[in-house]
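See structure below.
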Amino acid sequence: MVVVKDPDIQDLIQAEHDRQATGLEMIPSENHTSADVMSALGSCLTDKYSEGYPGKRYYGGCQFVDQVENLAIERAKSLFGVDHANVQAYSGSPANQAAYFALLDPGDTVMGLHLYYGGHMTHGLKVNFSGTLYNSVQYHTGKDGYLDYDEMEKMAKAEKPKLLVVGATAYPRIFDWQRLRDIADISGAFLLADISHIAGLVVAGVHPSPVGIADVVMTTTHKTLRGPRGALLLANGNPSTPLKKVERIRENIPTLLDRAIIPGLQGGPHNHQTAAIAVALREASQPAFKEYGEQVVKNAKVLAEELLARDYQLVTGGTDNHLLLIDLTNKEIPGAVAEKALGKAGITVNKNTVPFDPRSPFDPSGIRLGTPALTSRGMQEAEMRQVGKWIDQALTAHDDESVLAKIHTEVKNFCLGFPLPSDL
């Protein structure tokens, strides 16, 4: 664990480390990085300014950070099987903003999954840049929780979007990328695949890849990829640097993306972040990572079985990936109450809306949880069955502080056998 001489900050780092080490991190957008990733993130590379791209910087002294960025680029291209990778985006939301900036003019129509049905705020939420700078039309899931491809097709015909955004933060099933390509083609829209949640599963071969189907693939690097906070923009084709304006056609997408990042939206990249991304990409290229991705899905399916057996209502009835979305209506426990109770039991989840939720998004009917972080600690099917039992016990006794404290003690003892990867 990192050690700093500032006692106030050190105490808080230690407290957060201990919270993670003695609890079960089950928010599906969170994971545990390796010690190598953390070391790169805390390196002297943070001190170097390097606006521009390798070989074309606005600053001197970039010979080594150029090599770092080129290494990250080559590893991203190899891992995902693309011609072009931009590794400079500060995080997922800025990366999506860059894709919009590259492909659209303000006021153009964007079609994305509604936040309350599992999408992300950058997919067209009205209070987000994506819903204020652009004309946002939002599709939904069906009553069964699955994406309603027929509704999407009808919407594409009626609204004629210039960009179809596909991806989710709370969708437990596989995406049919080719069907989505066909829907985008109805209006000649660009297709942006936001695979932030499932990128590690794509790399592991347990979720279909949108590469070669989508025009742009965006992913964060800190979820199932187990890297630092950051993002990648991936596309096919090769960038160029003509002096004249670049036309918005598919052949020019790599150039459009690079120009959107800088000078369009960002200044100097975070070189320490780029190095940590490069480390994570190398780790994801190893055979053990495929086993990891496979285990993430196995664990999620076993956890789903355990909860279904205890009469929990899972949106779509189960999962194909790393996460579960639970509708607690039949248990008569609001999502916020469930999140708090599980937290007291040492199990971290987040409250979440469910499709067609009658409750407020600030006090929704469901919770969202997943298996990436637990799997990173070496937990497998048997452990998931135990976790399922604890979840049920905690929710059943959600207003009994003594029961929740007892479960938390059991969880702490259990976690001693599964240290954080950075502690190994």
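For Gln138, only one of the following conditions fails: (1) more than 29 Å from Asp320 (Cα to Cα); (2) surrounded by fewer than 23 Cβ atoms within 10 Å (Cβ to Cβ). What is its number?
(1)
Take the residues of segment 27-70 that are in a loop (DSSP other than H, G, I, E, B) and among the hydrophobic types (A, V, I, L, M, F, W, C): which is nearest to Ile261 (Cα to Cα)?
Across segment 27-70, the extreme among qualifying residues is Cys62.
For segment 148-196, what are the residues that are β-branched (Val, Ile, Thr) and out of contact with any Ser or Thr (no Cβ under 7 Å at 6 or more places or on another chain)?
Val165, Val166, Ile174, Ile183, Ile186
What are the residue pairs meeting all of these: first residue in segment 165-185, first residue closer than 18 Å to Val137 by Cβ, second residue of a type in the set (Ser, Thr, Tyr) and part of a loop (DSSP other than H, G, I, E, B), Cβ atoms under 8 Å, and 6 or more apart or on different chains?
Sorted first by the residue in segment 165-185, then by its partner, the pairs are Gly167/Ser196.
For Gly268, state whether it is assigned to a helix (DSSP H, G or I), outside the structural domain of Gly366 (by TED's automatic domain parsing) and surrounded by fewer than 19 Cβ atoms within 10 Å (Cβ to Cβ). Outline the logic, then answer.
Details: assigned to a helix (DSSP H, G or I): no; outside the structural domain of Gly366 (by TED's automatic domain parsing): yes; surrounded by fewer than 19 Cβ atoms within 10 Å (Cβ to Cβ): yes.
Judged against the criteria, Gly268 is not a match.
Here's the yes/no breakdown for (1) farther than 22 Å from Gly200 by Cα; (2) surrounded by 15 or more Cβ atoms within 10 Å (Cβ to Cβ):
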site: Glu25; (1), (2): no, yes
site: Ser29; (1), (2): no, yes
site: Thr33; (1), (2): no, yes
site: Asp36; (1), (2): no, yes
site: Leu41; (1), (2): no, yes
site: Cys44; (1), (2): yes, no
site: Lys48; (1), (2): yes, yes
site: Glu51; (1), (2): yes, yes
site: Lys56; (1), (2): yes, no
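Could you tell me which numbered condition Ala336 fails, if it satisfies all but one of (1) in contact with a strand residue (DSSP E or B) (Cβ under 8 Å, 6 or more places away or on another chain); (2) touching a residue at least 40 places away in the same chain (Cβ under 8 Å)?
Unmet for Ala336, out of (1) in contact with a strand residue (DSSP E or B) (Cβ under 8 Å, 6 or more places away or on another chain); (2) touching a residue at least 40 places away in the same chain (Cβ under 8 Å): (2).
Which residue pairs have Cβ atoms under 6 Å apart, sit 6 or more places apart or on different chains, and have a first residue in segment 1-23 that is outside the structural domain of Asn413 (by TED's automatic domain parsing) and a second that is of a type in the set (Val, Ile, Thr) and part of a loop (DSSP other than H, G, I, E, B)?
Gln10/Val4
Which of (1) of a type outside the set (Phe, Trp, Tyr); (2) modelled with pLDDT of 95 or more; (3) in contact with a Gly (Cβ under 9 Å, 6 or more places away or on another chain) does Glu16 not meet, given it meets every other one?
Every listed condition holds for Glu16 apart from (3).
Are there helices (runs of 4 or more DSSP H) fully within segment 355-424 with at least 1 residues that are more than 30 Å from Leu115 (Cβ to Cβ) and among the acidic types (Asp, Glu)? List them.
381-396, 401-415
The values are calculated or read from the model by the stated rules, or taken from the named source; none is laboratory data. On a predicted model such as this, the values are computed, not experimentally measured, just so you know. Glycine also receives a Cβ, built like all others from the backbone with ideal geometry; neighbour counts cover every protein chain displayed.
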